[in-house]
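The values are calculated or read from the model by the stated rules, or taken from the named source; none is laboratory data. Not measured: the values here are computed from a predicted model. Methodologically, a virtual Cβ is constructed for each residue, glycine included, from the backbone with ideal geometry; neighbour enumeration extends over all protein chains shown. In case anyone asks, the SASA skips ligands and DNA or RNA and just uses the protein heavy atoms, side chains included. Shrake-Rupley method; radii C 1.70, N 1.55, O 1.52, S 1.80 Å.
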Amino acid sequence: MTAAARSAPPPRHCREAGGVTAVALVADDGAAVPLDADRWVGAPTAEDGSLLDRCCGPVLDVGCGPGRLVAALAAAGVPALGVDVAPGAVRLARARGADAVVASVFSPLPLTGRWGTVLLADGNVGIGGRPAALLARVAALLRPGGRLLVELDPPGSPTWSFRARLARDGVPSG
């Protein structure tokens, strides 16, 4: 992974002056949990670079969001595809120069059984709400000897579960 690929800024329309819109999950009791949206649309961090250095192509970035990781791989010349269910996220990933498709990881995908690496970064091991089903699907996507790279919180990090809705700049959506 080149230093340029690690530090490439996101496209201008991915950010606003001073960062992105403040985004949080708001629980039914009103408690808000801020989400680090700046990280998702920003340039890959040193920690991201360490993760990406472990990738063997072709790479499938599951839940690629706005594409910081898949775009960095593409900039480094590593064949990669992002997959996300959010059309807006896929548009942002493509604007960064990434190949990305709007799809669920549980849908038919290209290169099934031939991916060298599958990425589950940014807590994406929770996609679908059933980690065991997701991991079984990833196993079917990988070629023999392929690798799954999962990003997890450090040991001792709190875990929690609650019902919430998304809020932007303090205004709940939906």
Original post:
Got at least one residue in the stretch 27-34 being of a type outside the set (A, V, I, L, M), within 14 Å of the chain's Cα centre (by Cα) and at pLDDT below 95?
Top reply: no
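Check the stretch 80-89 and report whether any residue there is among the β-branched types (Val, Ile, Thr), free of Cβ contacts under 8 Å to residues at least 24 places away in the same chain and open to solvent by 50 Å² or more (accessible area, probe 1.4 Å).
Checked against the condition, which is being among the β-branched types (Val, Ile, Thr), free of Cβ contacts under 8 Å to residues at least 24 places away in the same chain and open to solvent by 50 Å² or more (accessible area, probe 1.4 Å), the stretch 80-89 yields at least one hit.
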Original post:
Given the conditions (1) at pLDDT 85 or above; (2) open to solvent by 20 Å² or more (accessible area, probe 1.4 Å); (3) in a loop (DSSP other than H, G, I, E, B); (4) not charged (D, E, K, R), which single one is not true for Ala132?
Top reply: (3)
**OP:** Kindly indicate the residue of the stretch 90-124 that is open to solvent by 40 Å² or more (accessible area, probe 1.4 Å) and in a helix (DSSP H, G or I) and also farthest from Asp48 (Cα to Cα) among those meeting that condition.
**Re:** Arg91
